[in-house]
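Shown next, in structure tokens, is the structure this report addresses.
The values are calculated or read from the model by the stated rules, or taken from the named source; none is laboratory data. On a predicted model such as this, the values are computed, not experimentally measured, just so you know. Cβ coordinates were reconstructed from backbone atoms using ideal geometry, including for glycine residues, and neighbour counts include every protein chain displayed. Please note that ligands, DNA and RNA were not included when accessible areas were found on the heavy atoms of the full protein model with its side chains. Shrake-Rupley method; radii C 1.70, N 1.55, O 1.52, S 1.80 Å.
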Amino acid sequence: MKKAVKTKQAIMEAAKTLLQQKGSVTVKEIAELAHVNVAAINYHFTDKENLINLVINSLLEELKNMVEQYLGYDNTQTETAKKYLNSFIHRFYDFAIENVGILNYMLFPQNKNALESATENFEAIFSMDSDLSDKVIKRLALMRKESDPVKLKVKYGLLLTGFLLPLLTQINKRPLFKSAPDLLTDNQLKDAYIDEMINLILN
């Protein structure tokens, strides 16, 4: 592997690690962890925001692949729809906890450019008319034996909102959310919350 490629990978990994840990990062911190100078970061990525955007895109692509693996799994002979959804949602939240700092940066951007990038990245994957959303809606149709497109879109909206609520309330401990239940790390609450979410989707 060429030195330039190794350097670029090291910088991206350093940025990802720091974002996972803190939800924010400076160019100096990235350079120190990647064992490069600041000039190398500017050379390979132009600026910090471009670097972070690439890290977020990589994370979203990983999430998209994880979702598509579940969607491609035929559970009809081995699991009930409830068990299938329970496994999938738990895996999603495990992924969220692993990447809590990056998700915090996405959901609560530090500047206007970061907000625009985060919005574009998220909508490209999860908007109602995205390819991934279409696949999720088709799987919901099979599980619910439902053909009404309006009802299916509503159920998809419930699923997406249900995913996001614990992230919004728990990732960034702002005053508005201080009294919110800890739905991500309290296993008893998380299990109960997921059960209720699944009941709303399947009923």
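Taking a probe of 1.4 Å, how large is the accessible area per residue of the chain, in Å²?
Numbers: 11490 Å² over 203 residues.
About 57 Å² of surface per residue is accessible.
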Exercise. Given a 1.4 Å probe and the protein chains all in place, what does the accessible area of GLU98 round to, in Å² to the nearest 10?
Worked result: 110
For this session: Using the Kyte-Doolittle scale, find the helices of the chain whose mean hydropathy is at least -1.0 and whose Cα atoms extend 18 Å or more along the helix's long axis, counting only whole DSSP H runs.
Result: 3-22, 48-71, 81-98, 112-126, 131-144, 149-170, 187-202
Seminar exercise, completed: Note, GLU62: beta-carbon cut-off 15 Å, +1 each Lys/Arg, -1 each Asp/Glu, net -2
For this session: Have a look at THR80, TYR43, TYR193 and report the one farthest towards the positive end of the charge dipole of the chain, computed about the Cα centre with Cβ charges (Lys/Arg +1, Asp/Glu -1).
Result: TYR43
Exercise. At a 1.4 Å probe radius, carbon and sulfur cover how many percent of the accessible area of the chain?
Worked result: 54
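How big is Rg to Rh over the chain, alpha-carbon atoms, Rh as the Kirkwood inverse-mean-distance radius? Before the final figure, lay out each step's value.
Numbers: Rg = 18.9 Å, Rh = 18.6 Å.
We get a ratio of 1.02 for the chain.
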For this session: Answer with one residue from THR17, TYR93, ILE125: the one whose Cα lies farthest towards the positive end of the charge dipole of the chain, charges on Cβ with Lys, Arg +1 and Asp, Glu -1.
Result: THR17
Problem set entry | Extended-chain gain in nm, criterion 0.36 nm per residue less alpha-carbon gap, SER127 and GLU61 | 22.3 nm
Exercise. Toward the positive end of the charge dipole of the chain, about the Cα centre and with charges on Cβ (Lys, Arg +1; Asp, Glu -1), which of ILE52, VAL154, ASN104 goes farthest?
Worked result: ILE52
For this session: Kindly flag which residue pairs out of LYS83/LYS135; LYS82/LYS153; LYS16/LYS190; LYS8/LYS155 have an alpha-carbon separation exceeding 30 Å in this structure.
Result: LYS8/LYS155
For this session: Report the net charge of residues surrounding LYS155, where surrounding means a beta-carbon distance below 15 angstrom and charges are Lys +1, Arg +1, Asp -1, Glu -1.
Result: +4
Exercise. Which aspartates and glutamates, on any chain, are close to LYS138 with Cα under 17 Å apart, when same-chain ones fewer than 8 places away are left out?
Worked result: GLU68, ASP74, ASP129, GLU146, ASP148
